[in-house]
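> Encoded as structure tokens, here's the structure I'll be asking about.
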Amino acid sequence: MKILIVDDDPKLRAFVSKGLDTLGHTTSAAGSGLEARNRLAAQDVAPDLILLDVMMPGGDGMSFLEELRRCGTETPVIFVSAARGVEDRVRGLRLGADDFLVKPFQFDELLARIEAVARRRARPLYYEVGELRLSPLHRSVDRAGERIDLSPKEFDLLRTLVEARGRTLSRVDLLRIVWGMHFDPRTNVVDALVARLRRRLDRGEESVIETVFGEGYRVAPPREVR
């Protein structure tokens, strides 16, 4: 990823840049909101993600983010700030930040937050398989426009099959991904949940979930809508 670090602390900028560069990311830095604005305006930087301080010279981070969002820029932003108040975190998130990390922090936590934001942003708004539509964000499913209420485990199973993008998943695969089991309990828990899920989804229509005899289950490759 190309990551822009906006912070007035040169030691922090150097520390974060070194760690991220070592992991293969490409970093650039700005010491103030004004410098960051100028670099973005001059198109010196086209970041995939911005790490943004709140309290800086040349304009605070909140105003910087508000301006970005008002201009239609959807670049993910993680606030990295010494501001500890709940009101600061709430305001930042409501302005459109993707996360808020309080200083001081461990580098591994920063990295985990970056990875989590990248995963969320990479996920489509919803998947379509024929008349079926599944939203990972809202954990909702409908078929032909009719809402289908699923239990958390039913939703997790369906999403796992859909996100396999046409690959067949064995019962062992599904036990590991959906139930967190790394062994086969020799029960029919997978088959039973698939049967229950089919009754909820199909309602007399062609089944969304296909049985691949001797191998497991699959769902046709979905269309991703972003």
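> Can you tell me which residues in segment 25-44 are part of a loop (DSSP other than H, G, I, E, B) and modelled with pLDDT of 85 or more?
HIS25, GLY31, SER32, listed by residue number.
> Oh, and also: Please count how many residues of segment 15-28 are without any contact (Cβ under 8 Å) to a residue 12 or more places away in the chain and of a type outside the set (S, T, N, Q).
Qualifying residue count for the region: 3.
> Could you list, in sequence order, all residues of segment 5-26 that are buried (at least 19 other Cβ atoms within 10 Å of the Cβ) and within 14 Å of LEU111 (Cα to Cα)?
Hits for segment 5-26 are ILE5, VAL16, LEU20.
> Looking at segment 61-84, which of its residues are of a type in the set (S, T, N, Q) and at pLDDT 85 or above?
SER63, THR75, SER81, listed by residue number.
> A follow-up question, please. Step by step: first the residues of segment 113-133, then only those that are closer than 23 Å to GLU210 by Cβ and in contact (Cβ under 8 Å) with a residue 24 or more places away in the chain, then the one that is most open to solvent (accessible area, probe 1.4 Å). Which residue is that?
Going through the qualifying residues, I end up with GLU131.
> Quick check on segment 79-97. Is at least one of its residues over 19 Å from ASP8 (Cβ atoms), charged (D, E, K, R), touching a Phe, Trp or Tyr at 6+ places or on another chain (Cβ under 8 Å) and open to solvent by 70 Å² or more (accessible area, probe 1.4 Å)?
Yes, segment 79-97 contains a residue that is over 19 Å from ASP8 (Cβ atoms), charged (D, E, K, R), touching a Phe, Trp or Tyr at 6+ places or on another chain (Cβ under 8 Å) and open to solvent by 70 Å² or more (accessible area, probe 1.4 Å).
> Quick one: what pairs do we get from segment 58-87, first residue in contact (Cβ under 8 Å) with a residue 12 or more places away in the chain, second among the hydroxyl-bearing types (Ser, Thr, Tyr) and surrounded by 20 or more Cβ atoms within 10 Å (Cβ to Cβ), C-beta under 9 Å, 6+ apart or different chains?
Pairs found: GLY61/SER81.
> As an exercise: evaluate GLU74 against (1) in a loop (DSSP other than H, G, I, E, B); (2) open to solvent by 60 Å² or more (accessible area, probe 1.4 Å); (3) farther than 24 Å from ARG119 by Cβ and give the number of the one condition it does not meet.
Condition (3) is where GLU74 drops out.
> Return the residues of segment 130-152 that are modelled with pLDDT of 90 or more and charged (D, E, K, R); say none if nothing qualifies.
GLU131, ARG133, ASP142, ARG143, GLU146, ARG147, ASP149
> List the residue pairs whose Cβ atoms are under 9 Å apart, where the first residue sits in segment 169-187 and is within 17 Å of THR211 (Cβ to Cβ), the second is among the acidic types (Asp, Glu) and open to solvent by 80 Å² or more (accessible area, probe 1.4 Å), and the two are 6 or more positions apart or on different chains.
LEU169/GLU215; SER170/GLU215
> Here's another thing I want to ask about it. Tally time: how many residues in segment 58-70 are in contact with an Asp or Glu (Cβ under 7 Å, 6 or more places away or on another chain) and over 21 Å from PRO104 (Cβ atoms)?
Qualifying residue count, segment 58-70: 1.
> Could you list, in sequence order, the residues of segment 103-133 that are under 24 Å from GLU74 (Cα atoms) and either among the hydrophobic types (A, V, I, L, M, F, W, C) or in a loop (DSSP other than H, G, I, E, B) (or both)?
Across segment 103-133, the qualifying residues are LEU110, LEU111, ALA112, ILE114, ALA116, VAL117, ALA118, ALA122, ARG123, PRO124, LEU125.
> List the number of the failed condition for MET56; all other conditions in (1) aliphatic (A, V, I, L, M); (2) at pLDDT 90 or above; (3) touching a Gly at 6+ places or on another chain (Cβ under 7 Å) hold.
Here MET56 clears every test but (2).
> On to the next question. Go through (1) farther than 19 Å from LEU101 by Cα; (2) of a type outside the set (A, V, I, L, M, F, W, C); (3) free of Cβ contacts under 8 Å to residues at least 40 places away in the same chain one by one and return the number of the condition GLY31 breaks.
Going through (1) farther than 19 Å from LEU101 by Cα; (2) of a type outside the set (A, V, I, L, M, F, W, C); (3) free of Cβ contacts under 8 Å to residues at least 40 places away in the same chain one by one, GLY31 breaks only (1).
> Of everything in segment 63-121, what is more than 20 Å from the chain's Cα centre (by Cα) and of a type in the set (Ser, Thr, Tyr)? Give them in sequence order.
Residues satisfying the conditions are SER63, SER81.
The values are calculated or read from the model by the stated rules, or taken from the named source; none is laboratory data. Keep in mind that this is a model prediction, so the values were computed, not measured. Please note: Cβ atoms are built from the backbone with ideal geometry, for glycine as well, and neighbour counts cover all protein chains shown. These area figures cover heavy atoms from the full protein model, side chains too; ligands, DNA and RNA do not enter into them. Shrake-Rupley method; radii C 1.70, N 1.55, O 1.52, S 1.80 Å.
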